[in-house]
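Data block below; observations after.
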Amino acid sequence: MGEKVSENAPDASVYVSLGNRMHIVDGLGSYIGFHKDRYFQDAQGQTLTARSQKKFKRLKMIYSTRIRIGRNEAKYRALRTLNHVSKLLMLNEQVRDRTAYLYKKISSESSEKINNNILLIAVCLLMAVREFKDGAPITLDEIANTFEKCGHRVNVRAIVREALRLKSLTGVAPEIRRPDDYVPRVLSMLMNSDKVLKKVIARGWEPKKYENALRDKIFEVLEMIPASKRGGRNPFIFTVSAAYASDRLVADEHGKRSVLTQKLTSEATEVAEYSIRDHFGMMKKVIASASLA
């Protein structure tokens with residue numbers, strides 16, 4: 001997280017008509033004053049008379065959200081949920097706007113009626129974060145859990161099922177996430193752990209030098225292991241395990257003791273120890289055979 005958006009990241013800038021914004025349902029035309037304004041001034045900044053204040057307050061109340069959104073209430077609620085979820089996941093505006101664009105495009109072009117707008121926008125969010133690769137390293141589990149926190153019955157199985165249904169209807173589907181996309185996030189989680197940082201210093205490393213050495217080694221380890229060996233393993237857990245394996249290799253190369261343990265890695269990244277142990281068992285054999293070759 002915190003990495004600059006790469007040059008090949010998708011462009012989420014979409015031009016829309018005046019009075020209409022991508023991530024919310026707007027009405028046509030302008031607001032009367034600011035969105036929640038209850039005190040009105042004229043074009044010169046002069047305060048309106050009491051009679052005019054009353055008049056414009058009534059007009060503003062008539063031009064309420066329910067009247068402006070008309071028959072788009074389901075779309076309005078879906079986009080409002082997207083805004084809430086985006087804040088909880090700390091996604092940037094480009095990812096949010098790309099999600100909103102995909103949602104509006106699919107809902108308008110779909111030949112079938114959309115029965116669950118919340119589920120559809122969850123799939124669109126998954127598609128958007130996959131498009132942005134390491135610019136938005138959010139997992140499918142995190143998307144499902146965040147929607148559930150917002151009070152919606154959205155789970156991983158339902159998102160996957162809806163994504164497959166959309167693929168058959170529109171030909172659009174989320175891209176497959178690669179372990180490389182999670183490297184910046186895993187490094188950030190490790191280096192922001194106080195326990196890890198203390199051990200890095202205790203082992204005689206400068207934190208930045210250790211981080212750079214670990215990053216290079218993670219990419220090297222991921223390149224050693226072909227996709228056929230990874231099978232259907234979770235790419236985020238796979239990257240965490242690669243970081244654990246890379247720490248041991250970096251320590252050997254520099255004549256130092258390793259920093260990470262399975263428990264410490266698990267605590268920093270919130271990945272179960274047994275998952276790291278299982279993945280590392282497979283990696284160890286591949287790395288050993290690659291070194292001998």
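No value in this document is a laboratory result; all are computed from the given coordinates. This one's a predicted model, so the numbers in the text were calculated from it and none came from an experiment. Here the Cβ positions follow ideal geometry from the backbone for every residue, glycine too, while neighbour counts run over all protein chains shown.
Structure notes:
- Rounded is the label for the range 73-170, because the ratio a/c of its alpha-carbon gyration tensor axes (a ≥ b ≥ c) stays below 1.5.
- Ranked for footprinting exposure by Cβ neighbours inside 10 Å, fewest first, LEU120, LEU48 give LEU48, LEU120.
- Proximal lysines relative to LYS217, as straight alpha-carbon distance under 16 Å, when same-chain residues fewer than 8 apart are discounted: LYS208, LYS209, LYS256, LYS284
- Sequence of ASP194, ASP216 once ranked by neighbouring C-beta atoms within 10 Å, starting from the fewest: ASP194, ASP216
- Karplus 3J(HN,Hα) series, Hz, for the range 128-141 with 6.51 cos²θ - 1.76 cosθ + 1.60 (x for Gly, Pro): 5, 5, 5, 5, 7, 6, 6, x, 8, x, 9, 8, 4, 4
- Of the GluC sites (Glu not before Pro) found in the range 235-293, the ones in coil according to DSSP and having at most 12 other Cβ atoms within 10 Å of their Cβ are GLU270.
- Ranked list, fewest to most other Cβ atoms within 10 Å of each Cβ, for HIS84, HIS152: HIS84, HIS152
- The phi-based Karplus calculation (6.51 cos²θ - 1.76 cosθ + 1.60; θ = phi - 60°) puts the 3J(HN,Hα) values of the range 190-205 at 5, 6, 9, 8, 4, 5, 5, 4, 5, 5, 4, 5, 5, 7, x, 9 Hz, whole numbers, x for Gly and Pro.
- Amide H contacts under 5 Å for TRP205, placed H, 5+ residues apart: none
- Within straight-line reach of LYS75, meaning a Cα separation under 24 Å, sit the following lysines at least 8 residues removed in sequence or on another chain: LYS36, LYS60, LYS87, LYS104, LYS105, LYS113, LYS149, LYS167.
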